[in-house]
1. Select from the range 300-321 the residues that are within 17 Å of G167 (Cβ to Cβ) and hydrophobic (A, V, I, L, M, F, W, C) and list them in ascending order.
2. Considering (1) farther than 27 Å from G56 by Cα; (2) touching a helix residue (DSSP H, G or I) at 6+ places or on another chain (Cβ under 8 Å), say which one R351 fails and leave the rest.
3. Among the residues of the range 296-320, write down those that are hydroxyl-bearing (S, T, Y), assigned to a loop (DSSP other than H, G, I, E, B) and either within 28 Å of D89 (Cα to Cα) or in contact with a Ser or Thr (Cβ under 7 Å, 6 or more places away or on another chain) (or both).
4. Mind telling me which of the residues A196, A254 ends up being buried (at least 18 other Cβ atoms within 10 Å of the Cβ) and of a type in the set (G, A, S)?
5. Please go through the range 57-72 and give me each residue that is open to solvent by less than 30 Å² (accessible area, probe 1.4 Å) and part of a loop (DSSP other than H, G, I, E, B), ordered by number.
6. May I ask you to verify whether T142 is assigned to a helix (DSSP H, G or I), closer than 21 Å to A237 by Cβ and open to solvent by less than 10 Å² (accessible area, probe 1.4 Å)?
7. Scan the range 384-410 for residues that are of a type outside the set (A, V, I, L, M, F, W, C), open to solvent by 30 Å² or more (accessible area, probe 1.4 Å), in contact (Cβ under 8 Å) with a residue 24 or more places away in the chain and outside any loop (DSSP other than H, G, I, E, B) and jot them down.
Amino acid sequence: MPGNKTHHQILIIGAGAAGIATASSLLARDASLDIALIDPADTHYYQPGWTMVGAGVFKPESTARSMATVIPAKARWIKAAVERFDPTDHCVTLDDGRVVGYEQLVVCPGLKLDWDAIDGLRETLGRNGVTSNYRYDLAPYTWQLAQQLKQGRALFTQPPMPIKCAGAPQKAMYLSCDHWARSARLPHINTEFHNAGGVLFGVAEYVPALMEYVQKYSIDLKFGSRLVAVDGPRQRATFVRTLADGASETTEQAFDMLHVVPPQIAPDFIRQSPLADAAGWVDVDPATLRHRQFANVHGLGDVTNTSNAKTAAAARKQAPVVANNVLVALNRRAHLAHYHGYGSCPLTVERGKIVLAEFTYGGKVAPSFPTWLLDGRRPTRLAWWLKAAALPQIYWHAMLKGREWMARPAPTVDTTHNA
């Protein structure tokens with residue numbers, strides 16, 4: 001099939017949250033566009049819901065839909081994987097040998113969970129008390145373990161940045177601790193948070209509220225502590241901890257429950273492509289999301305090298321910007337739109353309350369609501385309602401459908417930006 005070449009006006013790599021939202025935003029602006037999405041997956045997941053699955057709030061099946069039902073009707077779905085990019089000739093080669101050309105390319109395949117970076121982890125996931133809310137099939141096991149644990153040691157880990165949803169590692173911890181507190185088991189369970197970074201959360205304004213829960217649940221914070229190996233049958237975890245003088249020490253910890261967040265990197269076919277920067281991420285301008293080298297390529301979502309938080313909320317704001325700017329590149333719009341780095345992290349500190357962190361580039365707090373209605377720096381029930389009831393509906397019925405409620409960008413003539 002090597003000689004089989006097709007062509008589309010706009011080619012989107014990845015049919016996750018960013019890809020579907022971008023396709024729908026483009027079609028909402030111009031229904032005549034010829035758009036194709038390339039993705040080999042059969043199922044589309046609402047990944048922000050997996051935290052709630054891990055706490056017994058959502059059923060796992062509520063976070064999954066068949067890919068065929070979410071691809072926009074006016075877009076074509078190419079069910080395949082990309083093998084390589086040729087941005088000079090404006091085409092991509094698929095894993096079956098087909099070549100697909102394009103006028104405009106949008107790259108948003110997400111990132112890769114590097115389970116194999118932690119020795120012994122893959123073979124013990126889903127058993128021996130080892131789990132992760134970062135996988136659809138494992139999030140229910142998190143809830144099972146939280147229910148079963150009566151006493152012992154529970155370890156929660158966070159790898160070096162960048163990762164998708166930087167608050168998710170501690171969300172799993174807070175909700176588990178809340179369950180143990182409600183069932184009078186918390187005094188009998190020692191909880192440790194092994195964070196490879198040096199702070200609890202990257203935006204300082206939200207840390208005081210989180211620290212109140214750290215103290216309430218008697219969580220032992222271990223900063224600079226990185227999980228490097230797991231022995232599932234022995235229920236032992238190995239950590240490398242960076243000391244104040246820059247030296248490191250290796251320690252082994254016994255556990256009864258271990259919630260792991262794996263290191264995260266760009267997909268192999270991205271890291272090995274001309275689109276990648278030195279670290280392997282798609283190299284885009286942080287404001288316009290246009291590739292720094294190839295003018296007819298845009299990138300968004302978890303795969304880019306922008307400094308925003310890698311969340312669905314970020315993709316929701318990015319998709320209309322990319323849609324607008326692709327149309328500018330096609331001479332169908334006059335003015336560029338800018339993305340200002342918005343990201344959101346609903347930190348589930350207990351069942352029924354959330355600290356709603358919202359911020360832009362540079363960690364600048366950027367609330368969507370007035371503080372009299374919802375103060376994101378404090379845990380509120382309204383924020384929980386948003387996470388549990390409103391946001392899934394907004395995701396399925398607005399974001400993926402090109403309805404840009406509170407996400408439509410304001411086009412601007414100015415193209416300067418300091419991230």
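1. Listed by number, the residues that qualify are A309, A312, A313, A314, A315.
2. Unmet for R351, out of (1) farther than 27 Å from G56 by Cα; (2) touching a helix residue (DSSP H, G or I) at 6+ places or on another chain (Cβ under 8 Å): (1).
3. The answer is T306, T311.
4. A196
5. Hits for the range 57-72 are I71, P72.
6. yes
7. K401
Residues are listed down the side, and each one gets a yes or a no for (1) farther than 21 Å from T157 by Cβ; (2) touching a Gly at 6+ places or on another chain (Cβ under 7 Å); (3) without any contact (Cβ under 8 Å) to a residue 40 or more places away in the chain; (4) not aromatic (F, W, Y):
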position: K222; (1), (2), (3), (4): no, no, yes, yes
position: A237; (1), (2), (3), (4): no, no, no, yes
position: T242; (1), (2), (3), (4): no, yes, yes, yes
position: S248; (1), (2), (3), (4): no, no, yes, yes
position: T251; (1), (2), (3), (4): no, no, yes, yes
position: L258; (1), (2), (3), (4): no, yes, no, yes
position: S273; (1), (2), (3), (4): yes, no, no, yes
position: G280; (1), (2), (3), (4): yes, no, yes, yes
position: D283; (1), (2), (3), (4): yes, no, yes, yes
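The values are calculated or read from the model by the stated rules, or taken from the named source; none is laboratory data. Quick caveat: nothing in here was measured; it's all calculated off a predicted structure. Note that each Cβ is placed from the backbone with ideal geometry, even for glycine, and that neighbours are counted across all protein chains shown. Surface accessibility is based on the protein's heavy atoms, side chains included, excluding ligands, DNA and RNA. Shrake-Rupley method; radii C 1.70, N 1.55, O 1.52, S 1.80 Å.
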